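As C-alpha cells, the structure follows; a few thoughts come after it.
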There are 2 protein chains.
Amino acid sequence: MPISLHQASIPLFVRGLKNLASLLEKGAAHAAENGVDPSELIEARLAPDMLALAAQVQRTSDTAKLSGERLSGIEAPKMPDDETTFPQLQERITKTIAYLESLPVADVDAGEGRTITLNFGPMKPSFSGADYLFGFALPNFYFHVVTAHDILRHKGVAIGKRDYLGAVA
Amino acid sequence: MPISLHQASIPLFVRGLKNLASLLEKGAAHAAENGVDPSELIEARLAPDMLALAAQVQRTSDTAKLSGERLSGIEAPKMPDDETTFPQLQERITKTIAYLESLPVADVDAGEGRTITLNFGPMKPSFSGADYLFGFALPNFYFHVVTAHDILRHKGVAIGKRDYLGAVA
C-alpha cells in the first residue's frame, strides 16, 4: 500500500511537537523542584554559538508549520519568536499543532505535485514535495527536537530517549 | 503521486549516515589540528549517564540496518560494537550503507504488508511497515545522528546544521 505525503509528514510533526511539550514540562518541573530559575534552562545551549533552548523550540515550530504551509499551500500563522517562559513555549507548540491539525489531508497530499523552492540567498534549490520532506524538512525538524532534548538532558533534567520518542505502543 | 516505503526510508538512512561520516571526519580533523586525543571526542557525552559519541554512531548504524532488515526481511550484518577509533567508526558506517544499498527496492516496499513486532521486554508492540518507520525508526535514527552532532559541537568541533543536513541542492 503506498504512503501518502500527509501520512509521512503532518502526524510526524504533531507527534514530535507533543513529545517536545512533554520534555519541556519535565524541564519546568525540574526547575521548580530544584529551585533553579527556569530561564537557566530556557537560555541554555550546548556551545556558545549554538541556539538556546527557546530558539530550538521556535525552530521546531517553524520547521513544522513552514513544511505544512509549503506542502499544503495553506498559509501558516506568523509567530514572532518572543517566548521567554515555559508556558509561552507550550502555547507556541499548542498553536503550531492546531495549525497542522487544521490542514486537510487532500491539500497536504497535493503537495507532491507542487514545486517547493527554498531561498538560501544565492542558492534557490527546488524540490518535489516528497524530496523536500525527506531531504530537508524531516531532518531539520528532528534536529531541533533532539537538540532541545539534549540541552535539557545536559542540564540534568531526568529525561531520556523514551520521553523523546513518546508512547510507541 | 504516492510515496513508496523504500523512498521514505533507505535513502534517508543512507543520507544521514553519509552526513554523520562527514561530521566524524571533521571531528577527527579537529583532534589532529588541536593536539586533542581522538578518544576525548569518541568517549565524550552530554550527560554522565548518556551514551558517548562512539555508541551514538553504533546506535545510528543499528537503527538504520535493523529498520532495513525489518522492512525488507533481508538479514542485516551483525556488528559487535567494538569500534574505538574514528577510522573504525567510519568503517562501520561504510558497511551499514553497503547493506542498505544492497536491499532491492521491491523487498523494502513489501515491508508495508509485513507486521513488525518490537520486543521491549513485557511490551511487544506491533506495527505496519509505515507506522514502524514513521513512529519509531526515523525518530530513533535522527536522535542518534543529531546527538552525535551535538556532542561534537559541544566539544568545540567547527560544525553546524549545514553539515548535519548535507548538500540540499
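The values are calculated or read from the model by the stated rules, or taken from the named source; none is laboratory data. From a predicted model like this one, the values you see are computed outputs, not experimental measurements. Don't worry about glycine lacking a Cβ; one is built from the backbone with ideal geometry, like all the others, and counts go over all protein chains shown. We work out accessible area using only protein heavy atoms, side chains counted, and drop any ligands, DNA or RNA first. Shrake-Rupley method; radii C 1.70, N 1.55, O 1.52, S 1.80 Å.
For the stretch A:13-28, indicate whether the set of residues that are open to solvent by less than 60 Å² (accessible area, probe 1.4 Å), under 30 Å from B:H6 (Cα atoms) and either within 9 Å of chain B (Cβ to nearest Cβ) or modelled with pLDDT under 95 (or both) is non-empty.
Taking the stretch A:13-28 first, the residues open to solvent by less than 60 Å² (accessible area, probe 1.4 Å) are A:13-14, A:16-17, A:19-24, A:27-28.
Remaining after also requiring under 30 Å from B:H6 (Cα atoms): A:13-14, A:16-17, A:19-20.
With the extra rule that they be either within 9 Å of chain B (Cβ to nearest Cβ) or modelled with pLDDT under 95 (or both), the set shrinks to A:16, A:19.
Yes: one or more hits.
Just name the residue that is farthest from the other protein chains (Cβ to nearest Cβ) out of those in the stretch A:111-126 that are touching a residue at least 12 places away in the same chain (Cβ under 8 Å) and open to solvent by 50 Å² or more (accessible area, probe 1.4 Å). Applying the filter and picking the extreme gives A:T115.
Taken together, B:G129, B:G166 contain a single residue that is on the phi > 0 side of the Ramachandran plot and at pLDDT below 95, which is B:G166. Checking each residue in the stretch A:1-48 for being free of Cβ contacts under 8 Å to residues at least 60 places away in the same chain and touching a strand residue (DSSP E or B) at 6+ places or on another chain (Cβ under 9 Å) picks out A:M1, A:P2, A:I3, A:Q7. Return yes or no: is A:K161 out of contact with any Lys or Arg (no Cβ under 8 Å at 6 or more places or on another chain), within 13 Å of chain B (Cβ to nearest Cβ) and at pLDDT 95 or above? In short, no. Scanning the stretch B:87-96 turns up at least one residue that is charged (D, E, K, R) and open to solvent by 10 Å² or more (accessible area, probe 1.4 Å).
Report whether or not B:M79 is of a type in the set (A, V, I, L, M, F, W, C), within 14 Å of chain A (Cβ to nearest Cβ) and buried (at least 16 other Cβ atoms within 10 Å of the Cβ). So B:M79 fails the test.
Would you check if there is a residue in the stretch B:82-94 being in a helix (DSSP H, G or I), under 14 Å from the mean Cα position of the chain (by Cα) and of a type in the set (D, E)? Looking through the stretch B:82-94, at least one residue is in a helix (DSSP H, G or I), under 14 Å from the mean Cα position of the chain (by Cα) and of a type in the set (D, E). Taken over the stretch A:144-156, the criterion of being within 27 Å of B:A167 (Cβ to Cβ), touching a residue at least 24 places away in the same chain (Cβ under 8 Å) and facing chain B (nearest Cβ under 7 Å) is satisfied by A:T147, A:D150.
Which residues, counting only those in the stretch A:47-69, are more than 14 Å from chain B (Cβ to nearest Cβ) and either of a type in the set (K, R) or open to solvent by 60 Å² or more (accessible area, probe 1.4 Å) (or both)? Result: A:K65, A:L66.
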